[in-house]
Structures are given as structure tokens and as C-alpha cells.
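A short reminder: the numbers here are calculations on the coordinates, not readings from a lab. Here the structure is a predicted model, which means the values were calculated and not measured. Heads up, the Cβs are rebuilt from the backbone with ideal geometry, glycines too, and the neighbour counts pull from every protein chain shown.
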Amino acid sequence: MTTMSNRYTGSKPGRPTMKHVAALAGVGIKTVSRVMNNEPGVAEATRAQVLRAAEQLKYQLDVNAGNLRRSDRRTRTLGLVLPSVANQFSGEIHRAVEDAMAPRGIAVFASSVDDDPEREQPVVAALLQRRVDGLIVTPAAPDQSYLVSELEHELPVVFVDREPVGLAADCVTSDNREGAAAAAAHLIGHGHRRIAYLGDLSTIQTARERRRGFAEEAARAGITGQTFTVEELHDSRAAQEAATRLLTGSEPPTAIFAAQILVTLGVLRALKELGLQHRVALVGFDDFELADLLDPGVTVVAQHPEQIGRLAAERLLARLDGQRSRPERFVVPSTLIPRGSGEIPPA
């Protein structure tokens, strides 16, 4: 490194610039720009020399400045809109997207909307103001037509977990309807007829799909008149209270299908407090940490958020690379995992 360091004094204050890297590496600024932007046309030995100089100077590429010069006008950033980055499902999607974007040098800006329809559009607008190269969005609002103009200007947009309304765009979802039907069929197959469905907000598309799958399976089995449906449960406390009311009623259910992870946690607390965890069957939609270590282990319909995130990222990268095919919907199958709670027979 001594031959390079002789070319650069290193005495100037402030952050190192591309000019400093060029001086230290003994090349032109344009060559440094090509290397830092991972463009072709640079000899490997020269590329290595520039990267060593950048590392020695702790140089960081200014993506906004580069955007003014690059012909493709890209910022190498992606906007990711999720219900909540604190949620395990959203967190795994976030991680999968970041893993897919890292090799391309694309930074991911993630925002939570907490399933608030009023927050979706302002959050998306804030990301667009930062000139992100694409969007991956879990829709919360009833209509996504506000993004039509962005699609017309060829901004790649991929929706995850829920399908968009008001425009045609790529989306990646779980088989919510089929997964819920599988849960109902599992409980019915173990002899249950009085089954309670505890679901999320009816304004959420996935919640409606899961209720529909459950209801269709109950109708096929001829037990519709014996089922219980409680919705608008968006947190574990509300779910616990609803489950407690049902289980202490005059004709309590012998089994419960909890159609969302927070609902499952609330039902588990209710069963534990009432001492019914070994007498009332439970199937939850979504797997969660330590579900297999409880007594009994919790039977779940497991989604695969890592696959959803990976497929969404791959689709968006394909669009960035110039793919102009018609929008597609990708459905990731869920998996029913028996662990004990869903196999308890009716008393």
C-alpha cells in the first residue's frame, strides 16, 4: 500500500471523496466511479487497487451524488412497506428482501403502517420522494390505484401477503383460503363439530380469505349451524377476552381455529387460565417461536414468509433488469404442522 499512499496526502478534513480515492489509487475519477458503481469495463487489477484505496480511506459511495451522474438515474434503494417490522411474519419478509438485495448493493428502507389504511399512502409517498428504485408493499388501504401513474412510469412495484386493489401488479401471497380450510378439515377430522373461528379485522383481505376458507369447509362437513365466528380481534388481549367468553358460555366450542398469530396467543392465555389447554383443541394460523415447546405443542398452519420475501425480491429485481411481462400472482403454499393441540379429541 506504500506506493498508493504516496499519491494521497490524507491531510484534508471531512469525509473522503471519489477524488481522494482516485489520487490514492493512481487512477482517474471516472475509473473510481465505474468501480464503486460496479460497472463493467475495468480491469480486475485496477478494480482491486481502487477497492483497496477506498477501504484504506473508509470511503462510502454517495448514492445521491452518483444518481445525478448515472445514466440509469437509480439510487440503489428499495422501499419496503409492512404491517409492522416488529411482527415475526413481517420481520422474516424484511430479512429475505434484504438478503436478496445485498448482492446488488441495494439498501432497503422499511416502514410500518400497523394495518392502518390512512398511513399507507403517506408512507409510500415519503419513500417515493426519496427516489427509491422500486417498492414492495403489504397493502392496508382499500385501494392502491394511487400507484397507477408510478407503474406507468415503469417503477417496479410488487405486493406481498395481500393482493392490490385498483391496479394490476405483481403480488406474492400465501394460500390463506386453502390454509384455513385445511385447519377446519383437520379439526373436523378429529371429531369436532362445535368449532369457533376467531379472526382478525374484517377489513384485512387475508382475514376475509381465511374466514371464507373456514366457512366453506364447515359447509362441506354440514356443521355450519354449530360453528362460532368472532372477528375484529387485532390483538392478543381482545382474542383472550373473546375466547374466555366462548369457553365459559352455556355451549362452549370443543375446538378453536385462531386465524392470526396474535389471536392464537390470546387463545392460549385463555385456555391456560381456564385450565382447558388439554381439553379444547386449537389450530393457529401462522407459526411462532417456541410453539413446539408448549404443553401441548401448538398445531399451526405455517406460512413461509421467507419464501414470500425472496419471491417478491426476485420479481422486483427482474423488473429492474428490464422484464416487461404481464403482472403475475405467485401463491406460496402453507403447511399444516400437527404438534398436539389440534389433535385433542372432543370431550
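Some points to look at:
- Nearest-ten-degree value, helix 88-101 long axis tilted from longest Cα axis of the chain: 30
- Longest DSSP-loop-exposure-free segment, GluC sites (Glu not before Pro), the chain, at most 16 other Cβ within 10 Å: 1-153
- Model label sites at Leu293 and Glu118, defined 7 Å from Cα along the beta-carbon direction, differ in position by 4.0 nm.
- Computed from point charges on the beta carbon alone (+1 for Lys and Arg, -1 for Asp and Glu), the dipole magnitude for the chain about its Cα centre is near 1600 Debye.
- Normalising by residue count, the range 81-223 has a Cα convex hull of 123 Å³ per residue.
- Across the chain, the longest run free of exposed loop sites, meaning trypsin sites (Lys or Arg not before Pro) lying outside DSSP classes H, G, I, E and B with no more than 12 other Cβ atoms within 10 Å, spans 131-323.
- Equivalent ellipsoid, the chain (semi-axes from 5 times Cα gyration tensor eigenvalues, Å): 52, 21, 16
- Pairs of Lys residues in the chain, spaced 8 or more positions apart or belonging to different chains, with C-alpha separations under 25 angstrom: 5 in total.
- Positive contributions from Lys and Arg (+1) and negative ones from Asp and Glu (-1), summed over other residues with Cβ under 13 Å from the Cβ of Val301, come out at -3.
- Percent antiparallel among DSSP beta bridges (both partners in the chain, rounded to 5): 10
- An ellipsoid equivalent to the range 119-178, defined through the eigenvalues of its Cα gyration tensor, has semi-axes of 20, 12, 11 Å when rounded to whole angstrom and sorted largest first.
- Angle in degrees between helix 236-247 and the longest Cα principal axis of the chain, rounded to the nearest 10: 10
- Gyration tensor over alpha-carbon atoms, the range 196-344, equivalent ellipsoid semi-axes in Å: 33, 17, 14
- The C-alpha atoms of the chain define a longest principal axis, and helix 176-189 lies at about 30 degrees to it.
- Most to least packed among 132-141, 105-114 [average Cβ atoms within 10 Å]: 132-141, 105-114
- Structure remark: mean-square fluctuation, Gaussian network model of the chain, C-alpha springs under 10 Å; the largest value among His190, His304, His94 belongs to His190.
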